[in-house]
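A.B. asks: My structure is below; once you've seen it, I'll send some questions.
The values are calculated or read from the model by the stated rules, or taken from the named source; none is laboratory data. All figures in this text were calculated on a predicted structure; none of them were measured in a lab. Neighbour counts are summed over all protein chains in view; Cβ atoms, including those assigned to glycine, are modelled from backbone coordinates with ideal geometry.
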Amino acid sequence: MKPQTLQPPHWPLKFLRFFLKKEYLEEIEGDMEEIFYENTERFSVGKAKRIYTWEMIKLLRPNLIKNFEFVNKIIQYSMIKNYFKVSVRGLLKSPVNSFINIFGLAAAIGFCIFFYAFVVYTFKRDQFHENKDVVFLTTFTASREGALRQYGLSPRPLGELLKQDFPQVTKVCRVEDRNVIVKHGDNIFNERIRFVDPTFLDMFTFPLKWGVSTSLTDLNSVVISEPMAEKYFGDENPIGQSILVKFTSENGKEFKITGVAKKFPSSRSFDFHFLVNFDNLRTAQPGFDFHDWSAFHQATFIQVAQPSDITMVEVGMSKYKRLQNEAVEKDWAIASFQFEPLATTHIKTDEIREDVFREGTHSNLTSIKFLSGVCILMLLLACFNYINIAISTSVKRLKELGVRKTIGATRRLVIVQFLSENIVVTFFAMLFGILLGWLVVIPWFEGLWHFSMEFSLNDPRLWMYLPVIMLITAIASGIYPAIYISRFQTVTILKGSVRFGQRNPITKIFLGFQLVLACMFITSAIVFTMNGDYLANRSWGYSNRDVLYTAVADESAFQQLNDVMQRNPKVLSISGSAQHIGKTHQTTVLHFPDKDFEADRLAVSPSYFKTMGIELAEGREFKDFDGSDKNAVVVNETMVKNLSWSNPLGQQFRIDSITYEVVGVAKDFHSYSFFSLLKPAFFTVADKKDFKFIALKVNREHEQSAFEDLKKSWVTLYPEIPFNGGYQEDVWGNYYEQMGIHGHVWRVFATVAVILAMLGLYGLVAINVSGRVREFSIRKILGADYKNISNNIFKQYYGLVTVSLFVGGPLSFFFIKSVLDFVYDYHMPLTIWVVVIAASLLVAVVVITVATQIIKVFKSNPVEGLKVE
Amino acid sequence: MKKTKLGEFEELVLLTVAALQQEAYGVEIKRELESRLQEKLSVGSIQSALKRMEDKGFLTSKFGEATAKRGGKRKRIYATTSYGRKVLEEMKDIRTQLWSAIPKLAFELKAIG
């Protein structure tokens with residue numbers, strides 16, 4: 001046990017000093033201390049401390065504590081106490097209405113909490129780096145395809161020159177990634193390793209779990225991430241172990257593990273798996289030219305002493321621009337250099353091209369805008385429910401109001417009363433909302449996208465945000481009913497001549513607005529679900545259901561695998577290629593006499609079209625013999641369109657110095673996912689020695705077993721090289737899953753919105769019906785049947801629902817159209833039918849809601865109804 | 001007895017102050033009362049009784065010396081005012097009178113019943 005200091009604990013004393021009257025402080029503090037020391041002689045120190053703390057708390061007596069101004073005020077307004085009592089009683093008296101109010105607000109607040117967590121997650125990204133304000137990413141801007149674009153690359157010699165030429169630049173770190181094979185014992189995997197200058201671990205805050213951060217100066221050390229340590233070594237400490245890194249099939253090097261990074265914070269846009277010294281590039285790629293201005297490093301980071309120093313560096317960048325532009329062709333000239341601070345780079349990752357940041361890092365700004373919209377709508381829906389129910393039920397409270405006014409309540413006090421009641425309701429709603437957000441909404445969202453927002457309730461800013469939300473909600477929902485109700489004159493109330501609540505136009509407008517919103521949410525849910533199905537079945541322009549592919553090291557590897565798989569009866573055709581649809585392409589500049597044009601190039605073997613199922617619109621495929629069609633290209637339809645060729649066949653252009661001629665036009669195919677636009681692309685014949693991929697068309701029924709065969713042959717041929725292939729339909733990874741998620745999210749939003757709107761409607765109808773119990777009882781006694789009573793109740797809602805649908809329908813249509821156009825470049829054709837379906841669903845729900853009340857009325861005994869009061 | 005009320009607990013504290021004379025400060029009063037009443041008392045209850053009675057004029061107080069045991073803070077020594085002593089004596093008289101007014105038999109009967 002650690003020795004305990006013989007001193008009274010600190011925090012109770014601070015607490016006491018805050019609350020106790022100043023003039024008593026010295027005496028009581030002294031007394032307490034004396035008793036404490038006395039107790040330490042009799043009891044253990046721990047117990048003495050506990051007694052001390054407990055005594056401190058018991059000192060909080062009215063005549064000992066300070067007179068706090070606000071405390072006095074509250075005591076003065078002892079009416080407030082009465083308000084709270086009345087509001088709690090009110091809540092208990094009509095549990096259904098209370099439930100509707102509290103549940104509605106809670107659901108909305110739950111979404112707000114989730115929204116908060118998401119915003120915090122987004123903006124705390126990369127903020128854990130201690131040097132986030134003084135570390136900058138070097139970027140350049142260049143004019144491409146007519147627009148100024150920003151690139152995260154930097155010319156190779158730039159880093160060293162910056163260090164030499166600017167005293168402000170204290171540290172420089174160059175980053176270069178390579179795909180390699182990593183081997184340790186039986187573990188062989190494809191990995192991406194990062195070559196960095198030893199300054200890396202100084203500039204970025206990635207603390208190590210094991211090992212020393214300075215070890216990167218050693219050419220033979222490697223620092224790995226925690227997941228990699230687990231992957232290769234399990235739970236044991238791998239420091240001192242060796243791994244073999246194979247840069248190519250012949251060229252490998254042993255590295256000793258000298259560091260393991262601690263688990264990275266989940267909100268980050270930049271990390272690593274393997275770090276090795278930058279100079280290892282010489283080993284990995286003999287002849288790598290560090291001084292070549294025409295080639296790029298993946299990234300160069302610089303660190304300056306003061307954030308303001310960066311302007312000095314920026315001013316001096318023009319000479320490097322000249323050096324750079326002298327070294328490269330005119331097409332690749334750059335416009336300027338720019339530095340992006342690490343603290344804010346994550347917001348710009350969508351704009352900066354070819355940066356080193358993690359794949360799938362988005363700025364999230366669109367999502368934040370979208371979610372804030374949804375949260376506000378949800379809050380609005382909940383507030384409307386509250387307002388409607390408050391106004392309708394206030395008729396029952398008119399007497400109370402009259403009495404209050406008679407005994408001296410001013411209008412202001414009545415408003416305060418209604419608002420304070422509202423704060424009680426919102427407070428309960430907030431408690432439930434926190435639980436909902438914390439235990440339901442956030443885990444749901446994290447589960448969908450497989451990430452952790454590291455949300456915790458232990459966040460002081462959350463507790464500032466929540467009361468703000470609570471107050472805004474309470475006032476937004478309470479102010480109108482409060483003003484409306486407090487307006488009535490005492491005399492008219494007590495005379496009983498005030499009639500309102502049932503025919504309030506505002507109530508109807510709010511309900512109508514809710515129905516419109518619900519209609520929009522339902523339409524969105526339907527459209528996203530349908531669109532998901534549509535895109536899943538849409539043609540990619542090639543067959544992706546019965547094609548397998550795998551990367552191969554070189555021509556001989558291709559040949560070996562080809563020979564084995566050729567004998568397999570399940571395989572229908574085999575093709576090699578240098579690039580493969582969905583995996584890689586080569587961005588190429590085409591020269592025409594009058595202009596330059598950028599397109600994606602895919603170098604393939606002549607049989608590639610057949611294997612991949614790409615159809616030709618015009619012209620011919622490549623001829624299938626060695627050395628055929630060396631200068632022929634097949635272009636896609638988008639390229640024909642973008643170049644506005646009326647007669648594409650026979651058109652010519654130059655790449656570098658070779659002239660190519662168009663011999664065929666392929667129908668458009670998606671080499672990117674449906675989230676992006678089709679790009680101009682063309683095929684050339686690949687030299688066999690450039691083959692990097694093998695594609696196999698297989699019998700559809702035997703696709704799985706063919707895949708197993710492929711893997712088996714691979715393992716027998718190359719036990720040392722990990723298999724790197726798959727089904728063509730999987731090249732977009734979780735693309736189909738993403739589609740499903742969109743539908744899922746919208747269905748949840750729609751369900752919540754519909755529930756909220758229906759709760760509101762239910763509340764209104766219930767109040768309306770209970771106010772007319774006697775009328776219905778008399779009708780029934782006089783022989784009214786189901787039809788008559790239903791008509792009577794429905795009559796009030798015909799107009800409202802019709803108007804809402806006529807407003808909501810077209811609105812939903814244009815809303816969802818703009819959302820779809822914004823999110824997807826290719827989506828299903830929108831028809832008016834989706835809105836009709838949504839509207840019918842809505843009507844059905846409305847009818848069911850109202851019908852429950854009709855059944856209740858009809859089942860009730862008219863005698864009971866007439867006995868009321 | 002005048003309008004001024006003296007609660008039962010307050011009376012006990014006041015008597016203790018009177019008995020302790022120069023030693024009458026918070027901790028000592030608490031210790032004395034605890035040993036006589038055979039129960040634990042909180043600092044808060046003693047202090048709030050003292051402060052109340054000071055307001056009502058039964059007690060006066062002045063700062064005494066500081067000791068190391070108290071972390072250098074001074075004691076506050078309480079003393080009864082003449083008014084306080086008068087009220088105490090009145091209370092005592094009233095009690096004695098009441099005691100003597102109880103018929104012996106009635107008391108015993110009550111004890112049996």
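A.B. asks: Of a type in the set (Phe, Trp, Tyr) and in contact with an Asp or Glu (Cβ under 9 Å, 6 or more places away or on another chain) - does that describe any residue in the range A:719-729?
C.D. replies: Scanning the range A:719-729, I find at least one residue that is of a type in the set (Phe, Trp, Tyr) and in contact with an Asp or Glu (Cβ under 9 Å, 6 or more places away or on another chain), so the answer is yes.
A.B. asks: Here are some conditions: (1) in contact (Cβ under 8 Å) with a residue 24 or more places away in the chain; (2) more than 30 Å from A:Phe597 (Cα to Cα); (3) within 39 Å of the chain's Cα centre (by Cα). A:Gln704 meets all but one. Which one does it not meet?
C.D. replies: Condition not satisfied by A:Gln704: (1).
A.B. asks: Going by what's in this entry, would A:Met565 be described as farther than 23 Å from A:Val633 by Cα, modelled with pLDDT of 80 or more, part of a helix (DSSP H, G or I) and not assigned by TED's automatic domain parsing to the domain that holds A:Asp690?
C.D. replies: The answer is no for A:Met565.
A.B. asks: A further question follows. In the list A:Ser705, A:Ser671, which residue meets the criterion of being surrounded by fewer than 20 Cβ atoms within 10 Å (Cβ to Cβ) and of a type in the set (Gly, Ala, Ser)?
C.D. replies: Exactly one of A:Ser705, A:Ser671 is surrounded by fewer than 20 Cβ atoms within 10 Å (Cβ to Cβ) and of a type in the set (Gly, Ala, Ser), namely A:Ser705.
A.B. asks: Taking the condition more than 10 Å from every other protein chain (Cβ to nearest Cβ), buried (at least 16 other Cβ atoms within 10 Å of the Cβ), without any contact (Cβ under 8 Å) to a residue 60 or more places away in the chain and among the polar types (S, T, N, Q), does B:Thr96 pass?
C.D. replies: The answer is no for B:Thr96.
A.B. asks: Let me ask something else. Does A:Val441 fit the bill of being under 20 Å from the mean Cα position of the chain (by Cα), among the hydrophobic types (A, V, I, L, M, F, W, C) and under 30 Å from A:Arg268 (Cβ atoms)?
C.D. replies: yes
A.B. asks: So which residues in the range A:559-578 are among the small types (Gly, Ala, Ser) and buried (at least 18 other Cβ atoms within 10 Å of the Cβ), if there are any at all?
C.D. replies: A:Ser575, A:Gly576, A:Ser577, A:Ala578
A.B. asks: Hey, could you check the range A:177-233 for residues that are of a type in the set (Ser, Thr, Tyr) and part of a loop (DSSP other than H, G, I, E, B) and say which is surrounded by the fewest Cβ atoms within 10 Å (Cβ to Cβ)?
C.D. replies: Of everything passing the filter in the range A:177-233, A:Thr205 is surrounded by the fewest Cβ atoms within 10 Å (Cβ to Cβ).
A.B. asks: Could you check the range A:30-70 and list, in sequence order, the residues that are of a type in the set (A, V, I, L, M) and away from every other protein chain (no Cβ under 11 Å)?
C.D. replies: Residues satisfying the conditions are A:Val45, A:Ala48.
A.B. asks: Among the helices (runs of 4 or more DSSP H) contained in the range B:1-88, which hold 1 or more residues that are closer than 15 Å to A:Glu26 by Cβ, within 11 Å of chain A (Cβ to nearest Cβ) and not charged (D, E, K, R)?
C.D. replies: Result: B:26-37, B:43-56.
A.B. asks: Going by the structure shown, is A:Phe510 under 26 Å from A:Val846 (Cβ atoms), in a helix (DSSP H, G or I) and modelled with pLDDT under 85?
C.D. replies: yes
A.B. asks: Additional query: Filter the range A:254-270 down to the residues that are surrounded by fewer than 20 Cβ atoms within 10 Å (Cβ to Cβ) and under 20 Å from A:Ser154 (Cβ atoms) and list them by number.
C.D. replies: Answer for the range A:254-270, where residues must be surrounded by fewer than 20 Cβ atoms within 10 Å (Cβ to Cβ) and under 20 Å from A:Ser154 (Cβ atoms): just A:Ser269.
A.B. asks: When the range A:234-252 is examined, which residues are found to be at pLDDT below 90 and either part of a strand (DSSP E or B) or of a type in the set (Val, Ile, Thr) (or both)?
C.D. replies: Result: A:Lys246, A:Thr248, A:Gly252.
A.B. asks: Can you run down the residue pairs with Cβ atoms below 7 Å, 6 or more apart or on separate chains, where the first is in the range A:109-121 and in the same structural domain as A:Phe455 (by TED's automatic domain parsing) and touching a residue at least 24 places away in the same chain (Cβ under 8 Å) and the partner is aromatic (Phe, Trp, Tyr) and not in a helix (DSSP H, G or I)?
C.D. replies: none
A.B. asks: For the range A:571-609, what are the residues that are of a type in the set (Lys, Arg) and either assigned to a strand (DSSP E or B) or modelled with pLDDT of 85 or more (or both)?
C.D. replies: Correct list: A:Arg601 only.
A.B. asks: Select from the range A:12-24 the residues that are more than 9 Å from chain B (Cβ to nearest Cβ) and not charged (D, E, K, R) and write down the one among them that is farthest from the chain's Cα centre (by Cα).
C.D. replies: A:Leu20
A.B. asks: Which residues, counting only those in the range A:824-869, are surrounded by fewer than 15 Cβ atoms within 10 Å (Cβ to Cβ) and among the small types (Gly, Ala, Ser)?
C.D. replies: A:Ser840, A:Ala844, A:Ala851
A.B. asks: Does A:Ser556 qualify as being buried (at least 22 other Cβ atoms within 10 Å of the Cβ), more than 30 Å from A:Ile391 (Cα to Cα) and out of contact with any Leu (no Cβ under 9 Å at 6 or more places or on another chain)?
C.D. replies: The answer is no for A:Ser556.
Residue-by-condition table, conditions (1) of a type in the set (D, E, K, R); (2) crowded, with 19+ Cβ neighbours inside 10 Å; (3) modelled with pLDDT under 85:
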site: A:Ile442; (1), (2), (3): no, yes, no
site: A:Phe451; (1), (2), (3): no, no, yes
site: A:Pro460; (1), (2), (3): no, no, yes
site: A:Leu471; (1), (2), (3): no, no, no
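A.B. asks: Give the residues of the range A:810-869 that are aliphatic (A, V, I, L, M), part of a loop (DSSP other than H, G, I, E, B) and over 26 Å from A:Tyr762 (Cβ atoms), sorted by residue number.
C.D. replies: Across the range A:810-869, the qualifying residues are A:Met828, A:Leu830, A:Ile832.
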